[in-house]
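Asker: Supplied in structure tokens, the structure appears directly below.
Only the coordinates and a few stated rules stand behind these numbers; no lab work does. A quick note: this is a predicted structure, and the numbers were derived from the prediction, not measured. Cβ atoms come from the backbone with ideal geometry, glycine included; neighbour counts cover every protein chain shown.
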Amino acid sequence: MDRFQEANRQKWNELAEVNYTSRNSDYGVEAFLGGSDNTRDLHKTELEELGSVEGLDILHLQCHFGMDTLLLAQKGAKSVTGLDFSPVAIKQARELAEKAGIEATFVEGNVYDAPSLIDGVYDLVFVSWGTICWLPDIEGWAKVISHFVKPGGRFYFLDQHPVILSFDDHAPAPHAPVYDYFHKPDPISFDDTAVYSDENAALKTKRSYEWTHPVGEVVTALVDAGLRIEYLHEFDTVAWKALAFMEPCEGGLYRLPEGMPRLPLSYSISARKPL
Ligand SMILES: C[S@@+](CC[C@H](N)C(=O)[O-])C[C@H]1O[C@@H](n2cnc3c(N)ncnc32)[C@H](O)[C@@H]1O
């Protein structure tokens, strides 16, 4: 693992700690476990697009502490396997599964090493919200995805739109681009103690590194890796307050304030491995 991903891993260990334990976090572990209101679910976008997962073997890459993995299991998946490179998040995922009484397998490792850590192929490979900006090589990622989708199986991907990454998260409206939309091999470095899921929390680890991957490069990498694109949808909503002036809206999502020109804030891809 390069020094950039190693630094990110350290930051994710700390973020997992906050996301899992904070009572104010958007993740809502307590709600998931039924302590307060038991209303925790996937976001509106993937709920509307995913369709039934009943009876499917599912692989969830970059699963964080596995709450979405477990929600997929609760929706009737035959088996769920999650992978993440944060040892803290994987430990929490195993604990959460046990507390919730849900059977799941959680594997610690880098996405790029997944084929040597996880056996088999899957009906559905699921990747969502805040994932590929942490990855340097999109072609390598697409090969890993394709490796795990069984013939006739599906890849579902949902994430922030790279247009968001061209803005400074903390700048006030109106927003103007400050970073390139197009990919560069060197990451953009951020020194930031903010926690995306909890405005009241702050981290000790500041430094992290992100890479932007234009939509065209993501689609092309998936096609080159042997997948057939079923659709690419763009949305004016995203799952966290990605820019300081965004406002919450229905389904656990955020959007730009009323009156501001709409921009693509997230996008989804559904793709299949030909039989
Ligand atoms: C925003 S979270 C994942 C999104 C997930 N939908 C969630 O919020 O529960 C990003 C995750 O990617 C993981 N991650 C980042 N780079 C990774 C890599 N190279 N290999 C595996 N996991 C990685 C982090 O540890 C973190 O848990």
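Asker: Taking the number of other C-beta atoms within 10 Å as the exposure measure, put Phe182, Phe157 in order starting with the fewest.
Answerer: The order, fewest Cβ neighbours first, is Phe182, Phe157.
Asker: Now for a different question. For labels at Glu103 and Leu232 in the simple 7 Å Cα→Cβ model, what's the distance in nm?
Answerer: 3.9 nm
Asker: Between Leu59, Leu70, Leu50, find the one with the highest GNM mean-square fluctuation for the chain; connect C-alpha pairs within less than 10 Å.
Answerer: The residue with the greatest mean-square fluctuation here is Leu50.
Asker: Okay, moving on. Return Trp134, Trp240 ranked ascending by Cβ neighbour count within 10 Å, so the fewest neighbours appear first.
Answerer: Trp240, Trp134
Asker: Need one number: the % of Cα-Cα pairs in segment 3-272 sitting beyond the 32 Å mark.
Answerer: 17 percent
Asker: While we're here: So how far, in whole Å, is the C-alpha centre of segment 7-72 from the one of segment 139-199?
Answerer: Distance between centres, Cα-based: 18 Å.
Asker: Work out from phi, with θ = phi - 60° and the Karplus expression 6.51 cos²θ - 1.76 cosθ + 1.60, the ³J(HN,Hα) of each residue of segment 228-243, listed in order in whole Hz, and give x for Gly and Pro.
Answerer: The phi angles translate into 9, 6, 8, 7, 9, 10, 10, 10, 9, 9, 8, 7, 9, 6, 6, 10 Hz.
Asker: Next question, about the same structure. Using the Karplus curve 6.51 cos²θ - 1.76 cosθ + 1.60 with θ = phi - 60°, work out ³J(HN,Hα) for each residue of segment 63-79 in order, rounded to whole Hz, and write x for Gly and Pro.
Answerer: For segment 63-79, the Karplus-derived couplings read 7, 6, 8, x, 5, 5, 4, 6, 5, 5, 5, 5, 8, x, 4, 6, 8 Hz, x marking Gly and Pro.
Asker: Right, something else. Of Met260, Met67, Met246, which has the largest mean-square fluctuation in a 10 Å C-alpha GNM of the chain?
Answerer: Taking springs between Cα atoms under 10 Å, the residue moving most is Met260.
Asker: Can you tell which of Gly259, Gly130, Gly51 shows the greatest fluctuation in a Gaussian network model of the chain with Cα springs below 10 Å?
Answerer: Between Gly259, Gly130, Gly51, it is Gly259 that shows the largest mean-square fluctuation.
Asker: So which lysines pass the test for Lys206, namely a Cα distance under 20 Å, with those fewer than 8 places away in the same chain ruled out?
Answerer: Within the straight-line limit of under 20 Å, Lys206 reaches these lysines: Lys11, Lys241.
Asker: Which shape class applies to segment 187-273: rounded if a/c is under 1.5, otherwise prolate when a/b exceeds b/c and oblate if not, where a ≥ b ≥ c are the square roots of the Cα gyration tensor eigenvalues?
Answerer: In terms of gyration-tensor shape, oblate.
Asker: Something else now. How many percent of the alpha carbon pairs in segment 36-91 exceed a separation of 15 Å?
Answerer: More than 15 Å apart: 51 percent of the Cα pairs in segment 36-91.
Asker: Search the structure for amide H atoms under 5 Å from the amide H of Cys249, placed 1.01 Å from N in the peptide plane, and list their residues when 5 or more places away or on another chain.
Answerer: Tyr254, Arg255
Asker: State, as an integer percentage, the relative contact order of the chain based on alpha-carbon contacts under 8 Å between residues 6 or more apart.
Answerer: 19 percent
Asker: Residue farthest toward the positive end of the dipole of segment 153-275, with Cβ of Lys/Arg at +1 and Asp/Glu at -1: which of Thr212, Leu243, Leu222?
Answerer: Value computed over the given set: Leu222.
Asker: Hey, another quick one. Where does segment 1-143 land on Rg(C-alpha)/(2.2 N^0.38 Å)?
Answerer: My calculation over the Cα atoms of segment 1-143 gives 1.02.
Asker: Let me ask another. Using a Debye calculation, one point per C-alpha and no hydration shell, please list log10 I(q)/I(0) for segment 74-124 at q = 0.15, 0.28, 0.31 Å⁻¹ in order.
Answerer: Evaluating at q = 0.15, 0.28, 0.31 Å⁻¹ gives log10 I(q)/I(0) of -0.43, -1.15, -1.21.
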